[in-house]
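Student: Structure incoming, see below.
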Amino acid sequence: MKERLAAFQEDHQRHIRELSEEVRKLGGTPEEYSKDFKGYLIEGFTSLRSITGTDGALKAMEQNEVLTNKKYSDACNWDLPVSVKPLIEKAAADEEMHLQFIRETLKSR
Ligand SMILES: [Fe+2]
């Protein structure tokens, strides 16, 4: 499970990297990101698990993924430059997969 969550975090980092690059190409300035996402996720999960147990931590992550899914799903309907739209759609598909994995993991426990 830890490997899958780390892979999801790499997806999140890639989404930010790719979208930030597009913002720059289009003449904008992407928001700065200083946090170490990978550390943040794994540490966050570990500390949540110590308080709420693995299921509680997974449920918290499920809620985060629900939010991310909603944001990307909304963004898919925006009028976006052609260079950005495929990135948003791919990110939305990744986020759907994250949510599905977490839900299936919760169901199987
Ligand atoms: Fe995700």
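The values are calculated or read from the model by the stated rules, or taken from the named source; none is laboratory data. Just so we're clear, the structure is a prediction, and the values are computed from it rather than from any experiment. Backbone-built Cβ (ideal geometry, glycine too); neighbour counts: all protein chains shown. In case anyone asks, the SASA skips ligands and DNA or RNA and just uses the protein heavy atoms, side chains included. Shrake-Rupley method; radii C 1.70, N 1.55, O 1.52, S 1.80 Å.
Student: On a 0 to 90° scale, report how tilted helix 37-76 is relative to the longest principal axis of the chain, with both axes built from alpha carbons and the result rounded to the nearest 10.
Tutor: Its long axis makes an angle of about 30 degrees.
Student: Mind checking which of Leu99, Tyr33, Pro81 is farthest towards the positive end of the chain's charge dipole, using Cβ charges of +1 (Lys, Arg) and -1 (Asp, Glu) about the Cα centre?
Tutor: Value computed over the given set: Leu99.
Student: Something else about it: At a 1.4 Å probe radius, carbon and sulfur cover how many percent of the accessible area of the chain? Can you show the working numbers first?
Tutor: Values: 3840 of 7300 Å².
Carbon and sulfur together cover 53 percent of it.
Student: Rounded to the nearest 500, what is the 222 nm mean residue ellipticity of the chain from helices alone, with -39500 (n - 2.57) per DSSP H run of 4+ residues and division by all residues? Mind showing how you got there, number by number?
Tutor: Working: 3 runs with 88 residues, N = 109.
For the chain, the value works out to -29000 deg cm²/dmol.
Student: Another one. Between helix 2-25 and the chain, what is the angle of the helix's C-alpha long axis to the longest principal axis, kept within 0 to 90° and rounded to the nearest 10?
Tutor: That works out to roughly 20 degrees.
Student: If you wrap a convex hull around the alpha carbons of segment 2-108, what volume per residue comes out, as a whole number of Å³? Show your work: numbers first, answer last.
Tutor: Working: hull volume 10.1 nm³, N = 107.
Spelled out: Cα convex hull of segment 2-108, divided by residues, is 95 Å³.
Student: Could you provide, to the nearest whole Å², the per residue accessible area of the chain with probe 1.4 Å? Working shown, then result.
Tutor: Numbers: 7300 Å² over 109 residues.
That works out to 67 Å² for each residue.
Student: To the nearest 20 debye, what charge dipole does the chain have about its Cα centre, counting +1 at the Cβ of each Lys and Arg and -1 at the Cβ of each Asp and Glu?
Tutor: Details: 17 positive and 20 negative charges, 57 e Å.
Computed charge dipole of the chain: roughly 280 debye.
Student: On a 0 to 90 degree scale, rounded to 10, what angle separates helix 85-108 from the longest Cα axis of the chain?
Tutor: Relative to the chain, helix 85-108 is tipped by roughly 10 degrees.
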